[in-house]
1. Would segment 39-46 turn up any residue that is open to solvent by less than 70 Å² (accessible area, probe 1.4 Å) and over 19 Å from the mean Cα position of the chain (by Cα)?
2. Which one of ASP5, ASP40, ASP56 is acidic (Asp, Glu) and at pLDDT 85 or above?
3. Considering only segment 17-31, state which residues are open to solvent by 80 Å² or more (accessible area, probe 1.4 Å) and of a type outside the set (Val, Ile, Thr).
Amino acid sequence: MATKDTGGQKHADRREESTEEVEETTETTERNEKLDEDVDDILDEIDEVLESNSEDFVRQFVQKGGQ
C-alpha cells in the first residue's frame, strides 16, 4: 500500500535553513554597521588632525614610508 508523501519534512528543513540564513544575515548586518561606525570614527579623527595641523600630518606620513 502506497502512502502519500506530503513533503512536510522538506518544508520543515527549508524553514530551518531559512531561519539560519536570516540569523546569519542579521549578524552580518550588525557587524557591517559596527565596522562602518569604526571607519567613520577613524575618518573623523583624520579630518580633525588634518584641520588642526595638516602640514605636520603629511610630513609624518612621508617620513614613515608613505608615498
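The values are calculated or read from the model by the stated rules, or taken from the named source; none is laboratory data. What you see is a predicted model; the values in this text were computed from it and never measured. All accessible areas refer to the heavy atoms of the entire protein, side chains included, with ligands and DNA or RNA removed. Shrake-Rupley method; radii C 1.70, N 1.55, O 1.52, S 1.80 Å.
1. Yes, there is a match, as at least one residue in segment 39-46 is open to solvent by less than 70 Å² (accessible area, probe 1.4 Å) and over 19 Å from the mean Cα position of the chain (by Cα).
2. After applying the criteria, what remains is ASP40.
3. If the condition is that a residue be open to solvent by 80 Å² or more (accessible area, probe 1.4 Å) and of a type outside the set (Val, Ile, Thr), then GLU17, GLU20, GLU21, GLU23, GLU24, GLU27, GLU30, ARG31 are the ones that fit.
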